[in-house]
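The values are calculated or read from the model by the stated rules, or taken from the named source; none is laboratory data. Just so it is clear, the model here is predicted, and its values are computed rather than measured. For neighbour counting, all protein chains shown are included, and Cβ atoms are generated from backbone atoms with ideal geometry for every residue, glycine included. Note: accessible area is taken over every heavy atom of the protein model, side chains too, but ligands, DNA and RNA are not part of it. Shrake-Rupley method; radii C 1.70, N 1.55, O 1.52, S 1.80 Å.
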Amino acid sequence: MISPLELNAAPKVALAGNWYPVPMLVPRQQRIVIPKLLSLMKSMAVNGKVDPTGLTTEQYDDLLDLVYVALTRGTPDLKRDHFMDMPSTMLELIAAMNTIAEQTGMMKRETAGAASGEAPAGSLIGTASSPA
């Protein structure tokens, strides 16, 4: 069980106009998220940047799976049907990958922000600002 303090301190991802906490993922989520995340990172990497334009339907399904599973750690009552009906953008889903990668322990969280307009070192892409 995650404490309210832990949820409040967790990084958040923005989807469909809402913010969702993503605490450190546990093996239950990691066993689903990490393989899909690694595969997507490889397939979307073009010249050192993320390019989702070549995603297949199967890869897009993997993206949805990994984001949904990661969100259920901090929002366990989130139903798959509700998630699938949220008007999320591709950019939101891809931006969520940064936070999710950090919360699996695959990528190190940056302590200092990157220069304006640049993605932090070690990140997949630039992330949205967290809510105040």
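Tabulated data for the structure shown
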read-out: Some residue of the stretch 100-109 being assigned to a helix (DSSP H, G or I), of a type in the set (Gly, Ala, Ser), modelled with pLDDT of 85 or more and farther than 21 Å from residue 7 by Cα; value: no
read-out: Close pairs from the stretch 89-104: first open to solvent by 40 Å² or more (accessible area, probe 1.4 Å), partner not in a helix (DSSP H, G or I), Cβ under 7 Å, at least 6 apart; value: 92/14; 92/15
read-out: Residue 72, sole failed condition from (1) modelled with pLDDT of 95 or more; (2) over 20 Å from residue 6 (Cβ atoms); (3) out of contact with any strand residue (DSSP E or B) (no Cβ under 9 Å at 6 or more places or on another chain); value: (2)
read-out: Residue, surrounded by the most Cβ atoms within 10 Å (Cβ to Cβ), within the stretch 60-69, restricted to residues that are of a type outside the set (A, V, I, L, M, F, W, C) and closer than 12 Å to residue 94 by Cα; value: 62
read-out: All positions within the stretch 25-64 that are among the β-branched types (Val, Ile, Thr) and not in a helix (DSSP H, G or I); value: 26, 46, 50, 56
read-out: Those residues of the stretch 70-88 which are touching a helix residue (DSSP H, G or I) at 6+ places or on another chain (Cβ under 8 Å) and open to solvent by 80 Å² or more (accessible area, probe 1.4 Å), in sequence order; value: 80, 84
read-out: Hey, residue 68 over 13 Å from the mean Cα position of the chain (by Cα) and hydroxyl-bearing (Ser, Thr, Tyr) or not; value: no
read-out: Members of the stretch 33-42 that are open to solvent by 50 Å² or more (accessible area, probe 1.4 Å) and out of contact with any Leu (no Cβ under 7 Å at 6 or more places or on another chain); value: 35, 38, 39, 42
read-out: Among (1) open to solvent by less than 70 Å² (accessible area, probe 1.4 Å); (2) over 16 Å from the mean Cα position of the chain (by Cα), the one test that residue 6 misses; value: (1)
